[in-house]
Amino acid sequence: MCTHILHGNVMTHYLTLGGLRHAAHHVRLLRACAQLSDLTVRHPRYDRFILKQIRNTSSASATADSSQPSQPPTWGSLARKSAPSPQRVNETNRQEDDRSSQTGLLKEPEPPQTLFRPQEDVNIDSHQETVEDTTKALSQEDTGSHGALKSFEDVSHQSSESAAISPFRVRPQVSSNAYSRPAPIRHLAPGASEQEIVPALYALLRKQAGLGKLQEVEEIVEHLICRYGEAPNTRLYAALILANHNSELGSAAEVERILQEMRHEQMEPDEACYHNVLKVLAVHPDCLLRDRIASEMRERWISITIHGMHDIMAGHIREGLIEQALELFESDRNMKRAAPKWIKDMLIYHLCDLGELDQALKMVKDRVAIGEVNISPSVWFYFFDHACSELHYDAIQFIWRQRIERNHLNPSSGQCLQALIVSARTGDVQIATDVFRILSQRGIPFKPHHYELLIATQVQAGDIRTGLTVVCIMHAVNMKPNMASLSPLLLYLRDDPDRSAEAFEILKDLCEERQVPTVAVNCILSSLARHNKHEDVITTYKSLHRICTQGPTVDTFNTLFRSCHRNNDKKTAMFFAAEMVELKIRPNRLTYDRLLLTCLKEKDYEDAFRYYEEMMHGGYQPRLGTWTMMVKVCCDARDMRAFELIRKMEELGLGHHTSDAVHYLKENWSEQADEAFGLYSSTVEQ
């Protein structure tokens, strides 16, 4: 135990290894230090010391009647059973003073006139010797030189052993006999009268209730009633109600029980009790009890304070009545009354949970507009996380500008990806660039979807040059792009016929600095074919070898065959087919299919069936529309292969898709169709 005295102000700091082993000498040192200062000495350790004595005296009293257990009484019945006569109180106090004097615990000068306020105008030098003697006596007792003095552990050892495991009891157990009164807490402040101790206990009661320490509050109330004969009053009940705002131990049901007990004792709650109930219901919501309390306050003309309105607002938020809470919040703002920070935070949290991000964004913007700079980082992160989950661009953009760009918020990698998706939808290049910067600083390797989203962002912003540059970078880092990767670029080029020529000129410039992938040229070819610019398609293909070192791919020829089919240009299609064979590019299903369609438009469609046989031999089959087109062409030419195509489709399990072809045959070649289908049906039945 050590004491620090700095410039006349006394600061007590207790360093104990085994607890407060000598309670009387602890009080001596406290009193000696208090006499050296003009300030009130109320250290939190002293409050805990008082509570410890209350528990010990209460435990000793409860042990006396433990042999006759009974039902827990109310505070009013407890007060009536334990109410002593004035002569008994004086006799008990006199016996305690005599017993303390015999043990040497009170051999000190007269105490201060007040409980916690030292005497004023005390000469520090004249008491220096007192402090030194006290400190010396304490050190000697710690080494065992003063064996005659009893320590606090020795005094309370017998009572603590006979008490229950936990000295706290929710309600005192009282037998049918008179309640055994606990010993007075004289050693807390030797020489102090009850008129001085009781107000101090009430002050401690209010403090513990405000901290939500329910057990300590009930212990103090029990001690005030049983030891000092305090009758149940609104101050005690107000403290018991307020202590229930403890989130773990308190409850709205306990508050309801306390209010019923007050009515049983014919005691009307005052304004403090009502507001304490509202404060408890802000933590433990109960809409019925809150409405009843508000109605009683209106009937008794008790106005609800601004803090009470905030408690009501918090209760509405916890119950999910967000509209009522917002209505109260707006009324406060209209009356130029600023809601506390914790109310605003609760509203934002619950609005995010409900998906009302527009309203949450409005609240955050209002807080920033009025200069509120102490918004919790947890609120920012929670709001940003929900905005990213909902892909809410306005919220993401606002938080990005306010927090992330200023390095006040570090988004997660998942949030960065969601922000990149939003930027691809809206064309926010700044957010996309920041995402790549953040991920690169973390050493996260980029995947194809990162580059695809960046390309989409640049294209959405109208910066086609940067988009094509990203395509070249993606190809340079072996992230082979394909037509699906460049679908945003393709959609952008299809919107305007002139954009394809502009993009091709950009590729001519980029090929001097970077390696241009063939897929970029394929996008331009597909856009030109979409706009039916067949000549431009051929011209662009001829320039492909100068721009792309890789040369054409199967997708390139598929696009060329598509343009030839739309323009009925079989001759050019055959040229491209021969070049494809020369370049040893293996055709796929789409290549054969488009060659079939190109050849079917000619009167001599034998080339189409040659490609059909080659296609079937290679394991491919035409698309459903191509099957129907071949049947119709054969039907018009009265070619019996039309019925063979129908049978082949049924063999391949495509019989449910032959209805259009069969209907066309019956309409245009009915006599042969009936005979052919009838013969086929009889063969199947046999």
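Odds and ends about this structure:
- Residue count for the range 371-396, restricted to those that are open to solvent by 40 Å² or more (accessible area, probe 1.4 Å), modelled with pLDDT of 95 or more and under 23 Å from R333 (Cβ atoms): 2
- Scan the range 333-370 for residues that are at pLDDT 90 or above, outside any helix (DSSP H, G or I) and open to solvent by less than 20 Å² (accessible area, probe 1.4 Å) and the total you get is 0.
- Whenever a residue of the range 321-343 is in contact (Cβ under 8 Å) with a residue 40 or more places away in the chain, it has no partner that is not hydroxyl-bearing (S, T, Y) lying with C-beta atoms less than 8 angstrom away and at least six residues away or across chains.
- Count of the range 611-640 residues which are surrounded by 15 or more Cβ atoms within 10 Å (Cβ to Cβ) and part of a helix (DSSP H, G or I): 13
- Within the range 498-527, the set of residues being open to solvent by 10 Å² or more (accessible area, probe 1.4 Å) and over 48 Å from the mean Cα position of the chain (by Cα) comprises D498, A501, F504, E505, K508, D509, C511, E512.
- Of all residue pairs spaced 6 or more apart or on separate chains, those with beta-carbon atoms under 7 Å, a first member in the range 481-493 that is modelled with pLDDT of 90 or more and a second member that is open to solvent by 10 Å² or more (accessible area, probe 1.4 Å) and of a type in the set (K, R) are Y492/R499; L493/R499.
- Here G320, G315 are screened, and the one residue that is open to solvent by 40 Å² or more (accessible area, probe 1.4 Å), within 27 Å of the chain's Cα centre (by Cα) and closer than 18 Å to K344 by Cα is G320.
- Leading residue by the ranking (nearest to R586 (Cα to Cα)) among those in the range 641-668 that are touching a Cys at 6+ places or on another chain (Cβ under 9 Å), in contact (Cβ under 8 Å) with a residue 12 or more places away in the chain and surrounded by fewer than 19 Cβ atoms within 10 Å (Cβ to Cβ): R641
Every residue, every condition in (1) more than 22 Å from D286 (Cβ to Cβ); (2) open to solvent by 50 Å² or more (accessible area, probe 1.4 Å); (3) at pLDDT 90 or above, yes or no:
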position	(1), (2), (3)
H157	yes, yes, no
R171	yes, no, no
V174	yes, no, no
L188	yes, no, no
Q195	yes, yes, no
E216	yes, no, no
I241	no, no, yes
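- Scanning the range 403-417 for residues that are of a type outside the set (S, T, N, Q) and either part of a helix (DSSP H, G or I) or touching a Leu at 6+ places or on another chain (Cβ under 6 Å) (or both) yields R403, I404, G414, C416, L417.
- Verdict on E222 being of a type outside the set (K, R), surrounded by fewer than 19 Cβ atoms within 10 Å (Cβ to Cβ) and at negative phi: no
- Selection within the range 617-642 - hydrophobic (A, V, I, L, M, F, W, C) and under 19 Å from T598 (Cβ atoms): L624, W627, M629, M630, V631, V633, C634, A637
- Condition check for A339: over 29 Å from C287 (Cα atoms) and either under 20 Å from the mean Cα position of the chain (by Cα) or among the aliphatic types (A, V, I, L, M) (or both): no
- Filter result for the condition that a residue is open to solvent by 40 Å² or more (accessible area, probe 1.4 Å) and part of a helix (DSSP H, G or I), over E268, E330: E330
- Taken together, the criteria place T559 among residues that are of a type in the set (V, I, T), within 19 Å of T539 (Cβ to Cβ) and either open to solvent by less than 30 Å² (accessible area, probe 1.4 Å) or assigned to a helix (DSSP H, G or I) (or both).
- Any pair with Cβ under 6 angstrom, 6 or more apart, that starts in the range 530-544 at a residue that is under 18 Å from N568 (Cα atoms) and ends at one that is outside any helix (DSSP H, G or I): H534/N567
- For C564: the one exception among (1) open to solvent by 40 Å² or more (accessible area, probe 1.4 Å); (2) in contact with a helix residue (DSSP H, G or I) (Cβ under 8 Å, 6 or more places away or on another chain); (3) modelled with pLDDT of 90 or more; (4) of a type outside the set (S, T, Y): (1)
- Subset of the range 448-472 (residues that are in a helix (DSSP H, G or I) and either of a type outside the set (A, V, I, L, M, F, W, C) or open to solvent by 60 Å² or more (accessible area, probe 1.4 Å) (or both)): P448, H449, H450, Y451, E452, T457, Q458, Q460, R465, T466, G467, T469
- Enumeration of residues in the range 434-447 that are exposed (fewer than 15 other Cβ atoms within 10 Å of the Cβ) and at negative phi: R437, S440, Q441, R442, I444, P445, K447
- Flag if A243 is farther than 24 Å from T305 by Cβ and within 30 Å of the chain's Cα centre (by Cα): no
- G229 surrounded by fewer than 22 Cβ atoms within 10 Å (Cβ to Cβ) and touching a residue at least 60 places away in the same chain (Cβ under 8 Å): yes
- Among the residues making up the range 271-310, a single one is part of a helix (DSSP H, G or I), out of contact with any helix residue (DSSP H, G or I) (no Cβ under 6 Å at 6 or more places or on another chain) and among the β-branched types (V, I, T): I306.
- Scanning the range 397-416 for residues that are under 16 Å from the mean Cα position of the chain (by Cα) and open to solvent by less than 30 Å² (accessible area, probe 1.4 Å) gives I399, L409, P411, Q415.
The values are calculated or read from the model by the stated rules, or taken from the named source; none is laboratory data. Everything quoted here is computed from the prediction, not taken from an experiment. Don't worry about glycine lacking a Cβ; one is built from the backbone with ideal geometry, like all the others, and counts go over all protein chains shown. Just so you know, the surface numbers come from the protein's heavy atoms only, side chains and all, with ligands and any DNA or RNA stripped out. Shrake-Rupley method; radii C 1.70, N 1.55, O 1.52, S 1.80 Å.
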